[in-house]
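Shown next, in structure tokens, is the structure this report addresses.
Only the coordinates and a few stated rules stand behind these numbers; no lab work does. Keep in mind that what you see is a predicted model, and the values were worked out from it rather than measured. All Cβ positions, even for glycine, are placed from backbone atoms using ideal geometry, and neighbour counts span all protein chains on display.
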Amino acid sequence: MASERTYRVALISCAMHQPTNYAPAFADNPRVEIACVADDPAEIDTYVADTNRAVARQYGVPYVEDIQAVADDPTIDICSVCAQLERRGRISARLAAAGKHLFMDKPNAIGLAEARAIVEAARASGVSTIVYGRPLSSTPQQIERELAAGSIGELAAIHWDLIFAKGTAGTVPDAWATQISDDLARFTFRAHGEDPSGSGHDVWAKRELHEIGLYPVGLVQYLAAAPVRTVYAQLGQYWLGSHASRGVEDFAAMHLTFANGVTATVTTGRFGRTTDPGSGVDKVAVVGTRGSIVVDGSPPAAVTYGPADEFGKSATRLEGANASGLDEQIAELVACIDAGRETSNNAHHGYAQVETLLAGYASYFQGAPITLPLAEAAA
């Protein structure tokens, strides 16, 4: 039997999660070879340029200061696009049009026109695409198996809490009135050498409905397996002064209805690192017509409940779960490239996720539920 092909991947920008998450996962996959790091120098700051060079040195590969050179290189098969969101969509569409398979950071675009361009370029080129999310992680996979087995009857409703414990809480002034900027073209606020949001990327603040909200939004869409029909959202700055001073939300609550009658609620965002003993809250409740499923993916490794009882039990060990599903997503992308098909969280799903997030912002600013689909010209 012929040996399986090894795919060469270019790491496109190391602005966000590339160094700590995506690059190591690609390096660990035996079907993938990291070929280079690439970026466009005129579009990045010193922090990103330095990080790009450091990642290239780490993996012993060239740093190519020209993304078009990667697009034109026939030896590059996959591009892992991890540029800041303001650049991510147009870079991804450009590379898909050049025939490169895509692994994209989430969300994969800042607007619907960009998200649509990725879909159309991928279709025209026949490439496989995947947007990073958590559909292949332990919790949704476990829930999906229970639903398929009919354990709780027909799916009726989902509630998901996903909040990261990062940054310093209590820095929003007591008299502060929530003020959310409606400039949705501005997502990332950088500050050289400073990281008060606790993001780990020299970031002062980010829009957390876009950044963290993509996870639960994508997950409830995955489980509901139907188009979103209405979105209602509330946004706020409750904990982090770094977000409040820039008019971007650190917290969001959303209500979604789906075409198949399923409803979902989501709370998401970021609170202080000392608010939670672990990395934050990741809890989901799924309600069916004959029962319910409750999954807690966020507890610390051990919880002490009190003095030992008559059975000698005072603590329960909770084993860690696969919270990201990142390795599984990369493996799925490779398998789909082999088979010439799309992945389970591809550019089409990326479009739906971006549309839902934008509907959440529109709902907040209009103070009313928003009906989907959105008009692309208005989004």
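Results, tabulated for the structure shown:
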read-out: Per-residue Cβ neighbour rank within 10 angstrom, fewest leading, 53, 134, 94; value: 53, 94, 134
read-out: Helical mean residue ellipticity (222 nm; -39500 (n - 2.57) per DSSP H run of 4+; nearest 500) of the chain; value: -9000 deg cm²/dmol
read-out: Rounded to 5, the percent of DSSP beta bridges in the chain classed as antiparallel; value: 55 percent
read-out: Label-point separation in nm, residue 149 to residue 40, each point 7 Å along Cα→Cβ; value: 5.0 nm
read-out: Taking 28, 174 and counting other C-beta atoms within 10 Å, the order from fewest to most; value: 174, 28
read-out: Rh (Kirkwood; distinct C-alpha pairs) - segment 154-269, Å; value: 15.0 Å
read-out: Estimated D of segment 96-144 in µm² per second, where Rh is the Kirkwood radius over Cα pairs and Stokes-Einstein applies at 4 °C, 1.567 mPa s; value: 108 µm²/s
read-out: Those aspartates and glutamates that a straight Cα-Cα span of less than 16 Å connects to residue 283, excepting residues fewer than 8 apart in one chain; value: 144, 161, 296, 319
read-out: Point-charge dipole on Cβ atoms (K/R +1, D/E -1) for the chain, about Cα centre, debye to 20; value: 380 debye
read-out: Under the Debye formula (equal points on every Cα, no solvent term), log10 I(q)/I(0) of the chain at q = 0.08, 0.09, 0.10, 0.14 Å⁻¹; value: -0.42, -0.53, -0.66, -1.28
read-out: Helix 46-59 axis, angle to the chain major axis (alpha carbon atoms, nearest 10°); value: 80 degrees
read-out: Residues 208, 33, sorted so that the one with the fewest Cβ neighbours within 10 Å comes first; value: 33, 208
read-out: Inter-site label distance for residue 321 and residue 182 at 7 Å from Cα along Cβ, in nm; value: 4.0 nm
read-out: Debye intensity ratio in log₁₀ form over the Cα atoms of segment 60-212, taken at each q of 0.15, 0.19 Å⁻¹; value: -1.02, -1.22
read-out: Values of log10 I(q)/I(0), in the order q = 0.13, 0.17, 0.27 Å⁻¹, for segment 1-48 under a Debye, Cα-only, solvent-free model; value: -0.37, -0.56, -1.02
read-out: Longest segment of the chain lacking chymotrypsin sites (Phe, Trp or Tyr not before Pro) that sit in a DSSP loop with at most 11 other Cβ atoms within 10 Å; value: 1-304
